[in-house]
1. What is the residue count in the stretch 113-146 for residues that are open to solvent by less than 20 Å² (accessible area, probe 1.4 Å) and outside any helix (DSSP H, G or I)?
2. Looking at ARG149, is it open to solvent by 20 Å² or more (accessible area, probe 1.4 Å) and either modelled with pLDDT of 95 or more or not in a loop (DSSP other than H, G, I, E, B) (or both)?
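The values are calculated or read from the model by the stated rules, or taken from the named source; none is laboratory data. This one's a predicted model, so the numbers in the text were calculated from it and none came from an experiment. So basically every Cβ, Gly included, is an ideal-geometry build from the backbone, and we count neighbours across all protein chains shown. Calculation scope for accessible area: heavy atoms of the full protein, side chains included, ligands and nucleic acids excluded. Shrake-Rupley method; radii C 1.70, N 1.55, O 1.52, S 1.80 Å.
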Amino acid sequence: MKTLSRVLSLPTWLRMRLAGSSVANWYTKLNVWVYEASQGRTWSHLQVPETGEPIPILLLRTIGRRSGKARVVPLIYIELERAFVVAAANAGHRQDPAWYLNLRANPAVSISLGSSWSSATARITTGAEREELRSEFAAVYPPLLRYERATSREIPIVVLEPRAMIQPPQ
């Protein structure tokens, strides 16, 4: 039997076409609502199309750089010792995602894995560290390579460093 998350997941090609649209915004809000309502038990992973493997999702809360309002987005991540790595890919679009612009303006963020939130600091990687983490991220999430080919901008790789370590749900 198909799970709700598998039935409602969108194919990569459709997510790329919808990125930035009102449909994509609606889907993001729905994803956040389901994730929070289920305490991270539902829609906490995304199935990677190329590999069929699940990749975990966290919720990132930033403060809007213009509005001052809290903004929450679901992001796939990889673990890095005491931190989490995310890519500001925006499905290969020309502009950086809003959440990235928000954390660039204010690196004090919160992250949720499951039912609890933790304060964290966002750090934008550069140079050799960026290249190493980009390679690790692309090994787990191959669509990143397609997104890189689709845009002329360098896709930022961000390390989220929690102030107190939180464990991903099992």
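1. Of the residues in that region, 7 qualify.
2. Spelling it out, ARG149 is indeed open to solvent by 20 Å² or more (accessible area, probe 1.4 Å) and either modelled with pLDDT of 95 or more or not in a loop (DSSP other than H, G, I, E, B) (or both).
For (1) assigned to a helix (DSSP H, G or I); (2) surrounded by 20 or more Cβ atoms within 10 Å (Cβ to Cβ); (3) in contact with a helix residue (DSSP H, G or I) (Cβ under 7 Å, 6 or more places away or on another chain), each residue gets a yes or a no:
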residue: VAL34; (1), (2), (3): yes, no, no
residue: THR42; (1), (2), (3): no, no, yes
residue: LEU60; (1), (2), (3): no, yes, yes
residue: ARG65; (1), (2), (3): no, no, yes
residue: LEU75; (1), (2), (3): no, yes, no
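Residues checked against (1) under 22 Å from GLU131 (Cβ atoms); (2) modelled with pLDDT under 80; (3) not hydroxyl-bearing (Ser, Thr, Tyr):
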{"residue": "GLY20", "(1), (2), (3)": "no, yes, yes"}
{"residue": "ARG65", "(1), (2), (3)": "no, no, yes"}
{"residue": "ARG71", "(1), (2), (3)": "no, no, yes"}
{"residue": "ALA83", "(1), (2), (3)": "yes, no, yes"}
{"residue": "GLY92", "(1), (2), (3)": "yes, no, yes"}
{"residue": "PRO97", "(1), (2), (3)": "yes, no, yes"}
{"residue": "ASN102", "(1), (2), (3)": "no, no, yes"}
